[in-house]
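A short write-up of the structure that comes next.
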Amino acid sequence: VMGLTFKENCPDLRNTKIVDVVKELKEYNINADITDPWCSSEEATHEYGLALTSNDELSQGKYDAIILAVAHNEFKELGVENIRKLGKENHVLYDLKYVLPKNEVDMRL
């Protein structure tokens, strides 16, 4: 899951709905790594009991699905090619915030 904060380019975690997405994934026994360059790992753990994965800890070719959940500039700068490198060969890329071109993602809300 790429992004945890309430809105893009802001460290505020209050009222973030991404926590609900992560909880729903856990109900389906899905292990999710969460990364957010704007979010304090300590605050995420304190407020929601969530451990963040740093961008350096993300592994290429590891993920079955990638959820682009917050439109941080850092994610936009990565671009679709570098984001897709994180996924396995047959992964799915969900763009919840319309960050990437429609023809470059597998699903949008």
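The values are calculated or read from the model by the stated rules, or taken from the named source; none is laboratory data. This structure is a prediction, so every number in the text was calculated from the model and none was measured. FYI the Cβ positions are ideal-geometry reconstructions off the backbone, even for glycines, and counts take in every protein chain you see. In case anyone asks, the SASA skips ligands and DNA or RNA and just uses the protein heavy atoms, side chains included. Shrake-Rupley method; radii C 1.70, N 1.55, O 1.52, S 1.80 Å.
So here's what we get for this one:
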read-out	value
Residue that is least open to solvent (accessible area, probe 1.4 Å) [pool: residues in region 34-85 that are more than 19 Å from residue 17 (Cα to Cα), in contact with a Pro (Cβ under 9 Å, 6 or more places away or on another chain) and at pLDDT below 95]	54
Some residue of region 42-62 being in contact (Cβ under 8 Å) with a residue 60 or more places away in the chain and not in a strand (DSSP E or B)	no
Candidates 55, 90, filtered to the one that is farther than 23 Å from residue 10 by Cβ, out of contact with any Phe, Trp or Tyr (no Cβ under 8 Å at 6 or more places or on another chain) and polar (S, T, N, Q)	90
Test set (1) farther than 24 Å from residue 84 by Cα; (2) among the charged types (D, E, K, R); (3) modelled with pLDDT of 95 or more - residue 8 fails condition number	(1)
Failed item in (1) without any contact (Cβ under 8 Å) to a residue 12 or more places away in the chain; (2) under 10 Å from residue 4 (Cβ atoms), with residue 35 passing the rest	(1)
Tally, over region 1-33, of residues that are of a type outside the set (Asp, Glu) and open to solvent by 80 Å² or more (accessible area, probe 1.4 Å)	10
